[in-house]
Amino acid sequence: MAAVAAATVVGVCLTVGSASAGTLSGSLYRDPSSAVVRWVAANPGDSRTAVIRDKIASQPQARWFANFNPSTVQSEVSEHIGAANAAQQIPVLAVYEITNRDCGGASAGGAPDLNQYQTWVSNFARGLGNQTVIIILETDSLALLTCLSSGEISARNEAISTATRTIKSANPNAKVYLDGGHSTWNSAGETANRLRAAGVQYADGFFTNVSNYNSTSGEANFGRNVISALNGMGISGKRQVIDTSRNGGASGDWCGDDNTDRRIGQYPTTSTGDSNIDAYLWVKPPGEADGCRYTAGSFQPDLAFSLANGAPNPPTTAPPTTTPPTTTPPTTTPPTTPPPNSSPPTGDGCYADVAVNQWAEGFTATVTVTAGKSEINGWKVTVELPAGAAVTGTWNAQASGTSGAVQFTNVSYNGRVAGRQSTTFGFQGNGTGPGRIAVCVG
């Protein structure tokens, strides 16, 4: 039932801090080379582009690993993790490789057998690094078992349990969630039984709603019942993540390829305000087909536009998804030798360091603003873009202009930077990214 998402992306990770709810906090990683971002970049004149850009492409979404590629998956994961580390954000990786996935439906595929599945998972896990990552492990693998014999179900449960332990052993900071289906599929008690059989005691919890459009409140209530059932089995401390990518409209039939009454739901965040829920995520990328009318996993702009048109606007310029600090500065250690950007911090003021991640049709840039010897309260950074380059999105800052000399100013929560400390912002664009030279005024 879960459509295979496009397999191009980057990154992951951010060290988790204290959480106001659940066990996660921090900004989620937005892939600068996802299918929707590429479509937006390639179709600037399309009448749907602005809505899709502002309400979907601007948001962090899961990177799906759905191709059986045991020889290259480690390097692909490492590349993705490296990009997310550079952005200091948490990635969401959806693993969709279990043998006989989707019971041979629209998203059929996966590893040829469970031995080869474990080889693939081992290679996948070697690329995860040691920082926080969110792993959505095998959508529909536990909720959809109708095509499997009892022996095959037992083998699948063992495979998922082993995969969970393999991932956790490779990266103890990985947060692994198993398939909980959704609130209008199996009962909470049955879901808990299936989670227990698949080794949820080794995982951090379970995910729901990737394959449907059920309301967040309905999924949260279902999750509480699952957690209660697990507690009754002696399995405690498990939490839920909910896919809110397509649940802003009517619920019902899981396949959305022909539906026009759906909307994107709550924007992705780790700040849920609910101690049972670690995150609201966009696991199923909005605009990617389920396989009923279009090829599963293909990006369809009409689907994306239908989901985004009329939906609420996202947070301003895609800020961090948790409440940022106002008095405690970031823990980033400023470089001892300043880059050749603006004036070194020997006195007051600030300097800016630009790091660029270039890809085929565009780039992302992460800018580190470091205060001099004294605290600054407000900053402006001017970045010179090469000819033909243009800014298409910004986070943690406000941009004035899109080409040439673009000026970025702080937003309300990151203008104050203590002496010798740093804050970061970022932007994406088309064309070739800027050099390291930038001018900072604080």
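The values are calculated or read from the model by the stated rules, or taken from the named source; none is laboratory data. The structure displayed is predicted, hence computed values, not measured ones. Here the Cβ positions follow ideal geometry from the backbone for every residue, glycine too, while neighbour counts run over all protein chains shown.
Couple of notes before you dig in:
- The set of residues from the range 282-305 being at negative phi and within 16 Å of the chain's Cα centre (by Cα) comprises Trp282, Val283, Lys284, Pro285, Pro286, Glu288.
- Per the listing Gly393, Gly404, Gly347, Gly442, the residue uniquely at pLDDT 85 or above and of a type outside the set (Lys, Arg) is Gly404.
- Hits in the range 144-181 - residues which are polar (S, T, N, Q) and touching a residue at least 60 places away in the same chain (Cβ under 8 Å): Asn173
- Close contacts from the range 274-286, counting a first residue that is more than 25 Å from Thr49 (Cβ to Cβ) and a second that is of a type in the set (A, V, I, L, M, F, W, C) and assigned to a loop (DSSP other than H, G, I, E, B), with Cβ to Cβ under 7 Å and a gap of 6+ residues or different chains, come to Asp274/Ala21; Ser275/Ala21; Ile277/Ala21; Asp278/Leu24; Ala279/Leu24.
- Some residue of the range 42-50 being at negative phi and crowded, with 24+ Cβ neighbours inside 10 Å: no
- Of all residues in the range 217-264, those satisfying the criterion of being touching an Asp or Glu at 6+ places or on another chain (Cβ under 9 Å), modelled with pLDDT of 95 or more and part of a loop (DSSP other than H, G, I, E, B) are Gly237, Lys238, Thr244.
- Qualifying residue in the range 79-97 (condition: free of Cβ contacts under 8 Å to residues at least 60 places away in the same chain, assigned by TED's automatic domain parsing to the domain that holds Phe207 and outside any loop (DSSP other than H, G, I, E, B)): no
Every residue, every condition in (1) outside any loop (DSSP other than H, G, I, E, B); (2) among the aromatic types (Phe, Trp, Tyr); (3) closer than 30 Å to Asn357 by Cα, yes or no:
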position: Glu76; (1), (2), (3): yes, no, yes
position: Ala108; (1), (2), (3): no, no, no
position: Gln118; (1), (2), (3): yes, no, no
position: Asn123; (1), (2), (3): yes, no, yes
position: Leu128; (1), (2), (3): no, no, yes
position: Ile135; (1), (2), (3): yes, no, yes
position: Leu145; (1), (2), (3): no, no, no
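- Residue satisfying all of: in the range 351-399; part of a strand (DSSP E or B) and aromatic (Phe, Trp, Tyr); surrounded by the most Cβ atoms within 10 Å (Cβ to Cβ) among these: Tyr351
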